[in-house]
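Colleague: Below you'll find the structure I mean.
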């Protein structure tokens, strides 16, 4: 199972009218940004801007869809519990890595 497939299973608490980005895209970009050392809303938005061509290619995003801004990341993290993302990431890691130890590789809330 891919990480994206796992992230797509998380339910989206947002109203349909306010969805510009799919939830899995926001979550995946957040994880990727965090793993690359970008922590915080503005740094995550900078990560997206700095690596936009590669991210668009990796995620097959259309050119006319903007990447999430810092306020999108902020709103998302204020609306949702981090535990769904943590559980999803850890489930993917346990299924993917042959000798996974949650103590060595996991995401935990601060």
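The values are calculated or read from the model by the stated rules, or taken from the named source; none is laboratory data. Treat the numbers as computed from the prediction; the structure is a model and nothing was measured. Cβ: placed from backbone, ideal geometry, glycine included. Neighbour counts: every protein chain shown.
Colleague: Checking the conditions here, which among 78, 104 is surrounded by fewer than 16 Cβ atoms within 10 Å (Cβ to Cβ) and modelled with pLDDT under 75?
Modeller: 104
Colleague: Continuing with this model, one more query. Looking at segment 29-39, which of its residues are surrounded by fewer than 20 Cβ atoms within 10 Å (Cβ to Cβ) and either closer than 13 Å to residue 76 by Cβ or touching a strand residue (DSSP E or B) at 6+ places or on another chain (Cβ under 8 Å) (or both)?
Modeller: 31
Colleague: Would you confirm whether any residue within segment 60-72 is under 21 Å from residue 96 (Cα atoms), assigned to a helix (DSSP H, G or I) and free of Cβ contacts under 8 Å to residues at least 40 places away in the same chain?
Modeller: No, segment 60-72 contains no residue that is under 21 Å from residue 96 (Cα atoms), assigned to a helix (DSSP H, G or I) and free of Cβ contacts under 8 Å to residues at least 40 places away in the same chain.
Colleague: Ok, one more. Which of the residues belonging to segment 21-40 are modelled with pLDDT of 90 or more and more than 11 Å from the chain's Cα centre (by Cα)?
Modeller: Once the filter is applied, which keeps residues that are modelled with pLDDT of 90 or more and more than 11 Å from the chain's Cα centre (by Cα), segment 21-40 yields 36, 37, 38, 40.
Colleague: Another one. How about segment 21-59: which of its residues are assigned to a loop (DSSP other than H, G, I, E, B) and in contact with a helix residue (DSSP H, G or I) (Cβ under 9 Å, 6 or more places away or on another chain)?
Modeller: Answer for segment 21-59, where residues must be assigned to a loop (DSSP other than H, G, I, E, B) and in contact with a helix residue (DSSP H, G or I) (Cβ under 9 Å, 6 or more places away or on another chain): 21, 36, 37, 38, 39, 40, 51.
Colleague: Do the conditions hold for residue 48, that is, is it without any contact (Cβ under 8 Å) to a residue 60 or more places away in the chain and either in the same structural domain as residue 86 (by TED's automatic domain parsing) or farther than 21 Å from residue 75 by Cα (or both)?
Modeller: No.
Colleague: Let me ask another. Among the residues of segment 2-20, count how many are part of a loop (DSSP other than H, G, I, E, B) and at pLDDT below 85.
Modeller: Qualifying residue count, segment 2-20: 7.
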